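Quick notes on the structure that follows.
The values are calculated or read from the model by the stated rules, or taken from the named source; none is laboratory data. Bear in mind that the values here come from a model prediction, so they are computed numbers and not experimental data. Every residue, glycine among them, receives a Cβ derived from its backbone with ideal geometry; neighbour counts consider all protein chains shown. Heads up: the accessible areas ignore ligands, DNA and RNA and are worked out on the full protein's heavy atoms, side chains in. Shrake-Rupley method; radii C 1.70, N 1.55, O 1.52, S 1.80 Å.
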Amino acid sequence: MKEKLVVIGNGMAAGRALEELFKRDPDHYDVTVFNAEPRVNYNRIMLSPVLSGESTYEDILIHDDQWYTDNGVNLIRGEEVIAINRADRKVVSRAGTVAHYDRLIVATGSLPFIIPVPGHDLDGVLTYRDLDDVHAMLTAAAKGGRAVVIGGGLLGLEAAVGLKMQGMDVTVLHLMPTLMERQLDQNAGYLLQRAIEVRGIDVVTRANTHAILEKEGRVSAVKLDDGTELPADIVVMAVGIKPNTALAADAGIETGRGILVDDNMRTSDPAIYAVGECVEHRGTCYGLVAPLYEMAKTVGAGLADDDTLIYEGSITATKLKVTGVDLYSAGDFAEGDDREEIVLRDASRSIYKRLVLQDDRIVGAVLYGDTADGPWFFQLMKNGTDVSGMRDTLIFGQGYAGVDSVDPMAAVAALSADAEICGCNGICKGDIIAAIDAGQNSLEAVRTKTKASSSCGSCSGLVEQLLQISLGEAYARSDVQPMCECTDMGHGEVRRLIVAKALKSIPAVMQELQWLTSCGCAKCRPALNYYLLSTWPGEYVDDNQSRFINERVHANIQKDGTYSVVPRMWGGITSPTELRAIADVADKFAIPTVKVTGGQRIDLLGVKKQDLPAVWSDLNAAGLVSGHAYGKALRTVKTCVGSEWCRFGTQASVSLGVRMERYLWGSWTPHKVKMGVSGCPRNCSEATIKDFGVICVDSGYELSFAGAAGMEVKETVALCKVETEEQVMEYCAALMQLYREEAHYLDRMHKWLARVGMEHVQEAVVQDADGRKALAARFAYAQKFAQTDPWQERAEGKDAHEFLPLPTPKLEAVA
């Protein structure tokens, strides 16, 4: 019969302890986990990107519901354990649930420290420890106003930056002269404060909070000892944590500052383990994730009846999770007579590196601006490596010290198996190599298997180097392709940061994302213009000069310098009036060629550039508007005659096609979009080689997408079947918006699908009804600003300079 294991707490330490146990002995226990929060295990160190908008709750999950099911874990959510009965070996929750145990893990974590000043309990005073705190801050930030963050440590700064990115005016108050004084020296603290202030956040050091003032029962201001009053709509306390020991102490378990444990992580009761921030081990309490994971390994081993793996304490390293601030700190960097330091400064690049040595060994490291070698310095520190032989070049990093080659691959290969690669998740080189040897042959596969690089992502390069070392030529490196030579970032990262940092102009993007050129180039500017236009409809003003010539003059340039004009014909339908207008325009402007297109429209070829506004004016007078044949936009919705005329037609394909085109026209997209609606499975409108196709059947409408008939010929893939025209419109709009939001510029829909996968599209558009409606609503909102006929605007004089003929140069004789 299995023993009973009860776990109090469902945080990162408890989850990792269970993972370690299941690796060793998955069938030893019936496991029950009590979680005071009403959710599964998530990565608390990634709360800051959730607050800033760079990640979602789903992005930071460690164990989803399926994990608990697969491992036979009974997760009891939203129930706080209020008593441990050691005599009867049972725990009791506040809801009255009783669970008996043979072994117990106490993982109650820590509590935020609240400064006991007047007003600390007012409405609007928040802490920053869990997802509920993040939700509270996001709710407050949605109303705008001012936030005061008390505490300039790791969490306080991450909270401040997140609130700023959510639109609040933010002030950070810090008691000490230097931000993050426990992790940084004054030089790095200065650079950090400057970087925070550049983000528009006020920083006040040597600030001692006297009281929190109120108005009508809510926070109104923070008063300092010097009498200064800072207006505040919310106040975030981020001044530290204390181990949550009350439950253990009430049960008679020995406690100090934390729950006292031995090197096997057992408490004073041999049947009870403790792990995480609630623990005190050898006089030390830890608040960073790496020590917690090291503790968890020992707990997992002990539960599997292996007491040989002991915990001896940890050296800790710190990284600030603020986009654009590269900071790494490890060990002890205090000065001493028996210590020496190596310092590198690069003021122009805001780079500062400092290593503290004692007895030819690194005991402390502070890196700002360039942190790539942080994990290597940290491993040298943990191993106690004698660095005297590389003393002269040590500060330049692992590529220049301790290995025979300056090749970074050789440096990574030289790392020991227990060298830590992923600090966020405590994953060492040996774990990654084992995963690769087991068949995980891509970055994503290794990430899924080990969680390495799944949090902040800064170790992705190291993981890829290990893949290349292990697999050699068999490894297809998944390096992100930069948008262009102006940046090292790929399209996806740029799109993400435009949203996360609320960048709303091309100069803002280039400044904040550190473009390598002053003005960009012909590759990145059109892409940035599209990303901004699609992300901020109604706010971003289209930059005409960041478009290709065809989109700039709203016509297709031909090889002789003339242009073609293609009026829109809704669903391929026209009228005698429209046809007469086209004929009159062709005669009036001596347009040499009039051609029927494959998209059921008429193309006027050979229009002089200076004639374009007048041509458009005449076409507008007959009700014709731009067909966007020149643009990365909706081109056509091709139709057959459907049930309106055809004896085989099952549905009214013409009217549906007209309805779709009238709703979708004007929307800018990553590449051209063509659609088709066929009235029956005979598919006369060729809907199955379009970006989006509708096949009408007796019982409804079959929807498919991601086809093509140009340089690449691709048949559409089935999306779903719906019953009504209203559903066709909703699914189509949702798919268009998802493509608009996710695709890289100049990727047709089939290329976007190949990158994100069918499962993702199905989930977003078909399975998630609320998400689909939200996508369709965002598309509808964007269309409010898109459906203006550019021909009419230019016929009325907009951008008149674009259509002036070039002056003829005059040659003059030189005397």
Restricting the search to the range 537-555, which residues are basic (Lys, Arg) and either in contact with a strand residue (DSSP E or B) (Cβ under 8 Å, 6 or more places away or on another chain) or closer than 20 Å to PRO567 by Cα (or both)?
-> ARG552
Search result, residues across the range 188-220 that are among the polar types (S, T, N, Q) and part of a loop (DSSP other than H, G, I, E, B) = THR205, ASN208
Quick check: anything in the range 115-135 open to solvent by 40 Å² or more (accessible area, probe 1.4 Å) and among the aliphatic types (A, V, I, L, M)?
-> no
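Only strands (runs of 3 or more DSSP E) wholly contained in the range 606-724 count here; list those with 2 or more residues that are touching a residue at least 60 places away in the same chain (Cβ under 8 Å) and polar (S, T, N, Q).
Working: elements: 634-639, 673-678, 692-697, 700-705, 717-722.
The qualifying strands (runs of 3 or more DSSP E) are 634-639.
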Hits in the range 344-389 - residues which are under 25 Å from CYS422 (Cβ atoms) and of a type in the set (D, E, K, R) | LYS353, ARG354, ARG361, ASP370, ASP373, LYS382
Checked pairs for the range 284-307, first at positive phi, second surrounded by fewer than 23 Cβ atoms within 10 Å (Cβ to Cβ), C-beta under 8 Å and 6 or more apart or across chains, list as ASP305/ASP25
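Scan ALA500, ALA508, ALA583 and give me the residue that is more than 23 Å from LEU804 (Cα to Cα), small (Gly, Ala, Ser) and open to solvent by less than 10 Å² (accessible area, probe 1.4 Å). Full working, then the answer.
Values: ALA508 fails: open to solvent by less than 10 Å² (accessible area, probe 1.4 Å); ALA583 fails: open to solvent by less than 10 Å² (accessible area, probe 1.4 Å).
After applying the criteria, what remains is ALA500.
Scan the strands (runs of 3 or more DSSP E) fully inside the range 1-104 and keep the ones with 2 or more residues being surrounded by fewer than 18 Cβ atoms within 10 Å (Cβ to Cβ) and at pLDDT 95 or above. Give the derivation first.
Working: elements: 3-8, 29-35, 61-63, 73-77, 81-85, 90-93, 98-100.
Per the criteria, 3-8, 73-77, 81-85, 90-93, 98-100.
So which residues in the range 569-603 are farther than 22 Å from MET675 by Cα and in contact (Cβ under 8 Å) with a residue 40 or more places away in the chain?
We begin by selecting, within the range 569-603, every residue farther than 22 Å from MET675 by Cα; these are 576-594.
Selection gives THR577, GLU578, ARG580, ALA581, ILE582.
Quick check: anything in the range 473-483 part of a loop (DSSP other than H, G, I, E, B) and modelled with pLDDT of 90 or more? Steps first, answer last, please.
Just the residues of the range 473-483 that are part of a loop (DSSP other than H, G, I, E, B), to begin with: 475-483.
Remaining after also requiring modelled with pLDDT of 90 or more: 483.
Yes.
Out of ARG349, ARG354, ARG345, which single residue is within 36 Å of the chain's Cα centre (by Cα) and under 16 Å from GLU181 (Cα atoms)?
One residue alone meets the criteria, ARG354.
A quick yes/no check of all residues on (1) open to solvent by 10 Å² or more (accessible area, probe 1.4 Å); (2) of a type in the set (A, V, I, L, M); (3) modelled with pLDDT under 95:
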{"site": "ALA251", "(1), (2), (3)": "yes, yes, no"}
{"site": "ILE272", "(1), (2), (3)": "no, yes, no"}
{"site": "LEU288", "(1), (2), (3)": "yes, yes, yes"}
{"site": "THR308", "(1), (2), (3)": "yes, no, no"}
{"site": "TYR311", "(1), (2), (3)": "no, no, no"}
Flagged pairs (Cβ under 8 angstrom, 6 or more apart or on separate chains; first in the range 172-188, of a type in the set (Val, Ile, Thr); second assigned to a loop (DSSP other than H, G, I, E, B)) are VAL172/GLY151; VAL172/GLY152; VAL172/LEU179; VAL172/ILE201; THR178/LEU184; THR178/ASP185; THR178/THR205
